[in-house]
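Read through the structure below, which is laid out as C-alpha cells, and then see the notes.
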Amino acid sequence: MSHDHDDRPQLTAAQAAAVLNPPAGRNGGDLVVESLQGLGATTVFGLPGQHALGMFDALRRSSLRYVGLRVENNAGFAADAYGRITGEVAPLLLSTGPGALTSLAALQEAAAASAPVLAISSQIPTAGLGGGRHGYLHELRDQQASVRDIVKSVHTVRAASQIPSAIAAAWESALTAPHGPVWVEIPQDVLLAETALPVVSAMDATPRELYPRPELTIAAAHLLSNAERPVIIAGGGVVRSDASGKLRALAEKIDAPVVTTFGGKGAFPWEHPLSLRSWLEDRHTTDFLEDADVLLVVGSGLGELSSNYHTFRPRGQVIQIEADAGKLESNHPALGIHSDAREALADLLEAVERREDAGTADRVRTVLEKVRVRIEAQELTLEQQVLAAVREALPDAAPSFWDMTILAYWAWSAFDARRPNTMHSAQGAGGLGYGFPAAIGAAAADPTKPVLAVSGDGGAMYSIAELATVRQYDLPLTWLIVDDGGYGILREYMTGAFGETTGTELARPDFVALAESFGVPAVRTSPESLAADLSKALATPGPSVVVLPALLRMFEPTHL
C-alpha cells in the first residue's frame, strides 16, 4: 500500500525547532524510553543491571511509570499479567546474561498464553558481539539463541539510530495475533553513548489484522447451520481477542452448548443454559464432545489438558479457528481457519442460519448432573468448601491469578470466573511461582480493583521477595497461600504412580510472621473462616496475606 506524503502529520514550527535542537544529555537509553512513550506505553517492568543502566537512567527523564520487582522471572510474570489484563504491550527491561536468562520461564508462559510482553535486554558492548570469547561480564556466546525458541521475534540493535525501528517492529509483532512475547537486545555502549538524534515522536506500529478467508467461513457456516448436534469449545483465544460477546451470540443463534478450556475461563457465562462449564478433565464431558456431529473449536489447539490428556477422539467434523498457525490441525484433522477469533466469530455470526433445538439445554443439564454425581461420590467436601469460599469473597470484577497448586487445578474445572479476562493461571507453560508476581502486574494495570493471588506453600517460596514489591508500591493485592507442607500435586502424582514420594515434603516458614516482617498484614485462617477473612483482606486497601493450612486432594482423573 502506498502512502501520499501529504497524508503524513506535519510538524508545527515549535515541534520542528525541538527536532532540530534536541535537549542535551540524552543517550541510547533515552531513545528506548522515547520510543516506548511514542508507541503509547505508560508502565514498564524490570530490574536494573550494570549493562542496562543507560535505559534505567533514562526512565527518570520520561513519563513512564516503573514497577521494579526483585527477580527477573517475577518481573516477566508481572509483565505477562499486565499484557493479559490490558491487551496492551507490557515492556520488560532486563540486563545481560543472568538477568536475561532468569526471565526465560516467564517468557515461556507469555508465549503459551499469548501475552504481549516486549522484553528489552542489554547486551555486552558491540566490540564483543559475534561469537568470540572476550571475557566481558555477563557474556554469552549467543544470547539471542537462548530466547529464540521461546519468543515470537528477535530484534537486534547495533547503533542508536536503529533503536526506534527495532522497538516499533517488536511492538507490532507482540500485538499481531496471536499475541506473544518479543525480544529486543541493545549493547551496553549503544545505550550509554550520547546522542544528538531528534527526540522520538509518535510512531505507528499497528499490528496486522488476521482475517478468515471467506470461502472457509461459508463452508463452516454451512456445516454449523445443518448440524444435528453442534458443540463449541472456547479457548484462550476468545478471551485474548475480546470475543466473548460474539461467542455467546453465535452459540445462542445455533443452539450449541459451549465448554470453555482452562485458558478460556470466563469466555462464556457459567450459568447459561448452554454452558457445559469447564469440566474438560471428565469423561462425561469428553463423551459429549465426541458425540457432536460438528465441533467448533475457537482459540484452542486442543492440547493435553483441553483434550482430557489426548484421550479425546472426535467422531464428527471439527472446525478449528486459531490465530497460531502452528496449532491448526496439530492434534486433530479439521476445517482449519487461520484467523483471529473475534474476526472469525463475527463473520460466522453473519453467515450461519438460525438453528433451534429444544432438547439442547436438557442434554447440557444431564452432562453437568453426571459430573456432579461423579465428584460428590469422592467425598471432597473440604475442597469444594474452600473453592466456594474464594468465590464468595472475590468481587465479580476483581482479577485472580492462580499458581500451579491443587486449589488452582480445582478452579480450572469448577470455578465460575463470572467475567471474561478475570481468571488467569500458569497452565500455558505450567511453571511454579506465577500467581503472586502476575497479580502484581494486574494491580499495577488497574489499582482501582482488588487483585487475588492463590499459591501453595511450594509455589509461594518462588516469589517471597515480591512481598517487598507490593509493600513498596502499596498495591491492592491479597495473597492466599494454601499451606500443605509440600508440593501437594506432586505428592499425589508420586503416591499414585510409585506408592511413595521423593522430594515433595518441604520445610517452610511461618508465612504470617514472614509477611508481617515485610510490613504486609497477614492472618492465619481456616476453611470455616476463609470467606470472611478473604473478604476483609480484599476490601482493605494495600497488600495483605491470608494463610490457609489445609491438605487438599484432587478429584479422580478419568483419562487413566
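Assorted remarks:
- Ratio of Rg to Rh over the range 53-181 (Cα coordinates, Kirkwood Rh, two decimals): 0.95
- Shape of the chain, Cα gyration tensor, a/c cut at 1.5: oblate
- For GluC sites (Glu not before Pro), the sites in the range 427-505 that DSSP calls loop and that have at most 12 other Cβ atoms within 10 Å are GLU500.
- Candidate lysines - alpha carbon under 25 Å from LYS370, same-chain residues fewer than 8 apart omitted: LYS265
- Computed on the Cα atoms alone, the convex hull of the range 106-244 gives a volume of 148 cubic angstrom per residue.
- The chain - percent of accessible surface contributed by carbon and sulfur, probe 1.4 Å: 52
- Helix-derived mean residue ellipticity, 222 nm - over the chain, DSSP H n ≥ 4, -39500 (n - 2.57), to 500: -11000 deg cm²/dmol
- Working from Cα pairs under 8 Å separated by at least six residues, relative contact order for the chain is 13 percent.
- Mean-position separation - Cα centroids, the range 195-211 and the range 286-352, in angstrom: 35
- Cβ-defined net charge surrounding ARG355, 9 Å radius [Lys, Arg +1; Asp, Glu -1]: -2
- Rounded to the nearest angstrom and listed largest first, the equivalent-ellipsoid semi-axes of the range 366-492 from its Cα gyration tensor are 26, 18, 12.
- Charge tally in the Cβ shell below 13 Å around GLY431, where Lys, Arg are +1 and Asp, Glu are -1, GLY431 excluded: -3
- Taking a sphere under 11 Å around the Cβ of GLY235 and counting the other residues whose Cβ falls inside, with K and R at +1 and D and E at -1, yields a net charge of +1.
- With a 1.4 Å probe rolled over the protein heavy atoms of all chains, the accessible area of LYS265, LYS536, LYS253, LYS370 falls in the order LYS536, LYS370, LYS253, LYS265, largest first.
- Rel. contact order, % - alpha carbon contacts under 8 angstrom, at least six apart, the range 38-158: 25
- Sorting VAL154, VAL520 by solvent-accessible area of protein heavy atoms yields VAL154, VAL520, largest first, with a 1.4 Å probe.
The values are calculated or read from the model by the stated rules, or taken from the named source; none is laboratory data. Small disclaimer: the values here were computed from a predicted structure and weren't measured. Please note: Cβ atoms are built from the backbone with ideal geometry, for glycine as well, and neighbour counts cover all protein chains shown. Areas reflect the complete protein model, heavy atoms only, side chains present, ligands, DNA and RNA absent. Shrake-Rupley method; radii C 1.70, N 1.55, O 1.52, S 1.80 Å.
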